[in-house]
Every structure is written in structure tokens, then in C-alpha cells.
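The values are calculated or read from the model by the stated rules, or taken from the named source; none is laboratory data. All of these numbers come straight from a predicted model, not from anything done at the bench. Positions of Cβ are generated from backbone atoms using ideal geometry, with glycine treated the same way; all protein chains shown enter the neighbour counts.
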Amino acid sequence: MKKTLLLSSLLSVTVMANTNLISQAKNAGLIPFPTQEKEISKLIDNPKNPITEAKVELGKKLYFDPRLSKSGLISCNTCHNLALGGVDGVEAAIGHNWTANPHHLNSPTVYNSVFNKKQFWDGRSPDLEDQAQGPIQAPPEMAAPKELVTGRINSIPAYVNEFKKAYGNDVNITFEIIANTIATFERILITPSRYDAFLSGNEKILTKEEQEGLKLFIDKGCTACHTGIALGGGMQIFDAGKKYKYRDVGDFKGDKNGMVRVPTLRNIEETKPYFHNGKIWSLKEAVQEMGTTQLSIKINDTDANKIVTFLKSLTGKKPNIAYPVLPASTDKTAKPDVK
């Protein structure tokens with residue numbers, strides 16, 4: 001009888017501790033994915049560019065199509081590889097003519113990018129629709145002028161028919177509509193994880209060690225920047241505490257106010273290397289560098305390992321994306337240009 005009462009008491013204490021941690025996390029600004037599909041759909045949709053099945057399927061093809069680049073070799077998926085956590089796995093993005101990003105900027109993940117308040121490291125784009133236009137045209141990336149992209153797409157009857165299906169028979173296939181369609185596909189690339197279930201009330205789904213890491217994540221002040229559904233996505237001053245030790249690699253200094261977009265922490269174990277210039281390859285080192293750079297504190301090895309354990313619980317379930325079969329080019333399709 002005494003043993004039963006003791007076990008019951010311990011269980012009650014554990015449940016209370018879990019409940020308190022959930023409340024603490026939410027009070028710190030951490031938000032789980034909604035549990036209802038309708039709520040998720042509303043969250044990721046853009047009223048100016050509504051999500052439809054036809055647009056998603058067409059956007060997927062365009063996302064994987066290297067013919068949107070000047071060389072005919074680079075697609076959106078080249079730098080934002082959906083099989084690699086939505087990144088390319090190198091320090092600085094590689095683009096046209098094997099050109100490394102001139103600012104030594106790392107490719108951020110496309111997964112959960114719909115939750116970013118601003119797009120690009122300097123936050124210069126307000127949404128995915130605007131963002132999708134940039135890399136296609138940028139000389140060090142896909143290097144394709146608008147006219148080349150629209151010409152190639154309009155030269156392929158199968159693509160023209162798919163745009164009519166998605167937008168209506170009178171659609172004018174402009175560069176902006178092509179980018180909007182890619183963005184529609186990107187909007188559905190969200191990855192709910194066990195962490196979301198925990199914040200939604202499933203108190204046992206995170207291990208004791210993961211919960212300890214979450215508490216440290218909050219107590220150390222990481223939620224000063226990494227909040228919201230994405231645990232990031234807003235704009236913050238970088239080097240708020242101590243100078244970042246790789247600050248001089250590349251010339252990126254943020255926007256005009258020194259603000260840098262905070263990267264999402266979802267799937268963070270899959271998206272190395274870390275930081276805007278990709279100079280840190282260890283997640284533990286990244287945690288400790290953030291402690292000194294942003295919080296002006298030293299995070300010891302034990303605490304850093306616990307935080308890393310929590311961060312790995314943010315690895316989520318990816319949507320099932322089948323590699324699409326792309327429509328054939330025609331005699332009117334502009335040839336690849338690798339110069």
C-alpha cells in the first residue's frame with residue numbers, strides 16, 4: 001500500500017513538473033504547430049496567393065527544374081535540398097559557374113521557411129513569393145534573367161497547360177507567377193515534431209533528458225531570439241554580447257541596422273554548417289558560441305549537451321515529396337548557357 005502511494009505521489013510530481021515546463025515554454029513565446037489541419041492551412045496560406053493542389057504540384061516541378069537557371073544545371077533544390085534538411089551542406093552556397101556566394105553566405109533551410117517573418121539573412125523580402133524571385137536572377141546563383149525563364153517555360157506546352165489548370169485558361173505566365181507558384185509549394189514544407197506534441201499536452205513524449213534541455217534552453221535566455229512556431233524567423237541584432245569568432249569570414253553585416261534574421265531551429269541537427277557564413281559545424285559548439293555572442297554567458301559542456309539533446313527533438317516529420325518527372329523541352333526552348 002505504501003509503495004503504491006509512493007509511486008502515485010512520484011507520478012503526480014512528474015506530471016506537475018511536465019505541466020509547469022509546458023507553461024514555462026509557452027510563456028517564453030514557444031508555440032507548437034496547431035493540432036487541427038484547418039488551423040495549419042490557415043497559418044501557411046497567403047490570401048494573395050492561395051494554396052491549391054494544382055499550384056502545389058506545378059510549384060514542385062518548377063522547384064526541381066534546373067531549366068530555370070541560365071546553365072540549365074541548377075534548380076532551387078540544388079541549394080535547398082529536400083533530402084538534406086532543405087540545405088546544401090556547404091559553408092557558402094555554390095551557384096552559376098561554380099561560384100561561391102560572394103558574401104560567404106550559407107543557404108538557409110527551406111523547411112518551415114513559411115514561418116519566417118522576413119526572408120533572406122538580411123530580411124529584405126517580406127514573404128516567400130518575393131524571395132523566390134531573387135535567387136533565380138542573382139548572377140552568383142541561378143543567373144537567369146526574367147525573359148529567359150519565362151521564355152523557357154512558355155516554350156513547353158505541358159507547362160503552359162499546367163499553368164492553365166492552376167490559374168485558368170487566360171493566365172499570362174509571367175516571371176512573378178512562376179515565382180509565386182514555387183512559393184506555393186514551399187509553403188507546404190512544414191515539419192511537425194514530438195516537441196509540438198509535448199507543448200500540446202503530451203507530457204511523456206519527450207524524454208527526461210530532452211525536457212531538461214528545453215528547460216535550460218529557456219532558462220539560459222535562448223528564447224530571447226528563438227521563439228514562435230519556427231523557434232526563429234524574426235530579426236535581431238547580431239553580436240549583441242561578444243564578437244562572433246568568425247565575424248570576418250565574408251562581408252555580411254546584416255541589414256542597415258545590423259539586424260540579422262534568426263534561423264529556425266527546427267531540424268537543426270540536419271542543417272549544418274551553422275550561422276550565416278556556415279563556419280561552425282558542431283551543434284554543441286554553435287550553442288556555446290551563441291551563449292557568448294548573444295547572451296554574454298558561458299554555457300558549459302554539460303548544459304550545452306543537454307540543450308543539444310533538446311534541439312534534436314525538433315527534428316520533424318517531412319512531407320512525402322516524390323521527385324517529379326519534368327516535361328520535355330521543345331525546339332523553341334532556349335539552350336543551356338554555362339557562360
*If we keep just the residues of the stretch 194-212 that are surrounded by 19 or more Cβ atoms within 10 Å (Cβ to Cβ) and out of contact with any strand residue (DSSP E or B) (no Cβ under 9 Å at 6 or more places or on another chain), which is farthest from residue 319 (Cα to Cα)?*
211
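For the stretch 315-334, which residues satisfy the criterion of being hydroxyl-bearing (Ser, Thr, Tyr), surrounded by 15 or more Cβ atoms within 10 Å (Cβ to Cβ) and closer than 15 Å to residue 84 by Cβ?
Start the filter on the stretch 315-334 by keeping residues that are hydroxyl-bearing (Ser, Thr, Tyr), which leaves 315, 323, 329-330, 333.
Within this subset, residues satisfying the condition of being surrounded by 15 or more Cβ atoms within 10 Å (Cβ to Cβ) are 315, 329, 333.
315 - this is the single residue of the stretch 315-334 that is hydroxyl-bearing (Ser, Thr, Tyr), surrounded by 15 or more Cβ atoms within 10 Å (Cβ to Cβ) and closer than 15 Å to residue 84 by Cβ.
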*residue 106 versus (1) at pLDDT below 95; (2) over 30 Å from residue 165 (Cα atoms): which is the lone unmet condition?*
(1)
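Could you tell me whether the stretch 47-58 includes any residue that is of a type in the set (Val, Ile, Thr), crowded, with 16+ Cβ neighbours inside 10 Å and touching a Gly at 6+ places or on another chain (Cβ under 7 Å)? Please lay out each step first, then the result.
Initial filter on the stretch 47-58 (of a type in the set (Val, Ile, Thr)): 51-52, 56.
Narrowing further to those that are crowded, with 16+ Cβ neighbours inside 10 Å: 51, 56.
Still in the list and also touching a Gly at 6+ places or on another chain (Cβ under 7 Å): none.
No: zero hits.
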*Among residues belonging to the stretch 115-131 that are within 17 Å of residue 45 (Cβ to Cβ) and touching a strand residue (DSSP E or B) at 6+ places or on another chain (Cβ under 6 Å), point out the one that is surrounded by the fewest Cβ atoms within 10 Å (Cβ to Cβ).*
131
*In the stretch 271-307, how many residues are touching a Gly at 6+ places or on another chain (Cβ under 8 Å) and either aromatic (Phe, Trp, Tyr) or over 21 Å from residue 246 (Cα atoms) (or both)?*
2
*Hey, residue 135 hits all of (1) over 26 Å from residue 107 (Cβ atoms); (2) surrounded by 19 or more Cβ atoms within 10 Å (Cβ to Cβ) but one; which does it fall short on?*
(1)
*Hey, which of the helices (runs of 4 or more DSSP H) in the stretch 122-223, taking only ones fully inside, have at least 2 residues that are hydroxyl-bearing (Ser, Thr, Tyr) and over 30 Å from residue 241 (Cβ atoms)?*
157-167, 175-187
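Please specify each residue of the stretch 157-172 satisfying the condition of being crowded, with 19+ Cβ neighbours inside 10 Å and among the hydrophobic types (A, V, I, L, M, F, W, C).
Step one: of the stretch 157-172, the residues crowded, with 19+ Cβ neighbours inside 10 Å are 159, 162-163, 166.
Correct list: 163, 166.
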*Matching option when the condition is touching a residue at least 12 places away in the same chain (Cβ under 8 Å) and surrounded by fewer than 16 Cβ atoms within 10 Å (Cβ to Cβ), among 307, 280, 297*: 297
_Restricting to the stretch 50-91, name every residue that is farther than 29 Å from residue 274 by Cβ and either at pLDDT below 95 or charged (D, E, K, R) (or both)._
53, 55, 57, 61, 65, 67, 70
*Hey, among 174, 223, 181, which residue is at pLDDT 95 or above and not assigned by TED's automatic domain parsing to the domain that holds residue 113?*
223
*Do you know which residues across the stretch 73-110 are within 24 Å of residue 184 (Cα to Cα), surrounded by 20 or more Cβ atoms within 10 Å (Cβ to Cβ) and more than 19 Å from the chain's Cα centre (by Cα)?*
74, 95
